[in-house]
Amino acid sequence: MTDPSPTGTTPALPGLGDGVWVILPTYDEAENIGPMSAAILEALPAATLLVVDDDSPDGTGRLADAIAATDPRVRVRHRALKQGLGRAYLDGFTQALAGGALTIVQMDADFSHDPAVLPALIAPVGDESADLVIGSRYTRGGAVVDWGLGRRVVSRGGSLFARIVLGLGQNDLTGGFKAWRAATLAAVPFDGVHAGGYVFQIEMTFRADRGGARIREIPITFRDRRVGQSKMSRRIVVEALVVVVQLRAEELLGRVRRRRRGS
């Protein structure tokens, strides 16, 4: 692959994205699904785009179906109930792995993750220098724009809290712009993932790290959604704090049990 440009993106090439599946969970993203799909496939012309829609009341799923009907690169997975971001991703990951994906990308549908960065995001997986690449707001060169102080504190604080409690080295643990080597993702036991929302991002990186994955961060600029409303809530933040502590407690308990069996 070509080297990233100074802006952090890599120019799209005709065959770029071969073997790549982009998982795009949606809920009430009718205004974004059309332009977002086009932007993703412009950046990765050979990729497969899988839209995972949680029965959006605004008709996002129907719009995705119309796109898929005219473009064989687009597939749609309809889910009957809104079960949270994490569950939508796990469903999409399962479909991509079954479909023979080599690299699996996860990203938001609201343009907070810039599709133009996709070639740079997948490059370390493609050249076998990383197993998981995180588009990072908080590594050197990364940035967040259009956010108020409160949301910045929650996001940055959540990453710092998880980093300390779980002993992880990554700076951005709450972001959802990632590229996975398929084999690395397949090694994560999905049945054991108990996070349904915001903390899903932390939990998956934690499990990849503990599985020995080579994890790399590349800087991105994160922008607030163009249209629609944020899905963030106080309940989601509290869930993140609880699950992070639970993950650490489970890990420590597992160590104690292994020591007892070995004594």
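Taking residue 238 as meeting all but one of (1) at pLDDT below 85; (2) loosely packed, with under 12 Cβ neighbours inside 10 Å, write down the number of the exception.
That leaves (2) as the condition not met.
Taking the condition out of contact with any Ser or Thr (no Cβ under 9 Å at 6 or more places or on another chain), more than 17 Å from residue 88 (Cα to Cα) and free of Cβ contacts under 8 Å to residues at least 40 places away in the same chain, does residue 156 pass?
no
In segment 159-168, what residues are over 14 Å from residue 199 (Cα atoms) and open to solvent by less than 50 Å² (accessible area, probe 1.4 Å)?
Residue satisfying the conditions is 168 alone.
Mind listing whichever residues of segment 57-74 are open to solvent by less than 10 Å² (accessible area, probe 1.4 Å) and of a type outside the set (Val, Ile, Thr)?
Of everything in segment 57-74, those that are open to solvent by less than 10 Å² (accessible area, probe 1.4 Å) and of a type outside the set (Val, Ile, Thr) turn out to be 59, 61, 64.
Let me confirm something: among 125, 133, which residue is in a strand (DSSP E or B), modelled with pLDDT of 95 or more and closer than 17 Å to residue 179 by Cβ?
Only one candidate qualifies: 133.
May I ask you to list pairs of residues, at least six apart or on different chains, whose Cβ atoms are under 8 Å apart, with the first in segment 246-263 being on the phi > 0 side of the Ramachandran plot and the second being loosely packed, with under 10 Cβ neighbours inside 10 Å and part of a helix (DSSP H, G or I)?
none
Taking the condition open to solvent by 40 Å² or more (accessible area, probe 1.4 Å) and closer than 18 Å to residue 216 by Cβ, does residue 127 pass?
yes
Tally the residues that are open to solvent by 20 Å² or more (accessible area, probe 1.4 Å), touching a strand residue (DSSP E or B) at 6+ places or on another chain (Cβ under 7 Å) and either part of a strand (DSSP E or B) or of a type in the set (A, V, I, L, M) (or both), restricting the search to segment 169-189.
Number satisfying all stated conditions: 1.
When segment 75-116 is examined, which residues are found to be over 12 Å from residue 52 (Cβ atoms), open to solvent by 30 Å² or more (accessible area, probe 1.4 Å) and part of a helix (DSSP H, G or I)?
Passing the criteria: 97, 98, 116.
Considering only segment 39-73, state which residues are in a loop (DSSP other than H, G, I, E, B) and in contact with a Gly (Cβ under 8 Å, 6 or more places away or on another chain).
44, 45, 46, 47, 55 - these are the residues of segment 39-73 that are in a loop (DSSP other than H, G, I, E, B) and in contact with a Gly (Cβ under 8 Å, 6 or more places away or on another chain).
Right, residue 168: under 12 Å from the mean Cα position of the chain (by Cα) and closer than 14 Å to residue 215 by Cα or not?
No.
Condition first: open to solvent by 10 Å² or more (accessible area, probe 1.4 Å), at pLDDT 55 or above and either at positive phi or not in a strand (DSSP E or B) (or both). Now tell me which residues in segment 14-28 satisfy that.
Once the filter is applied, which keeps residues that are open to solvent by 10 Å² or more (accessible area, probe 1.4 Å), at pLDDT 55 or above and either at positive phi or not in a strand (DSSP E or B) (or both), segment 14-28 yields 15, 16, 18, 19, 27, 28.
For residues in segment 30-53 being open to solvent by 10 Å² or more (accessible area, probe 1.4 Å) and of a type in the set (Asp, Glu), which is nearest to residue 115 (Cα to Cα)?
Taking the candidates together, the pick is 42.
The values are calculated or read from the model by the stated rules, or taken from the named source; none is laboratory data. Worth saying up front: this structure is predicted, and the values here are computed from it rather than measured. Counting neighbours? That spans all protein chains shown, and the Cβs are built from the backbone with ideal geometry, glycine included. Protein only, heavy atoms only, side chains kept; ligands, DNA and RNA dropped before computing areas. Shrake-Rupley method; radii C 1.70, N 1.55, O 1.52, S 1.80 Å.
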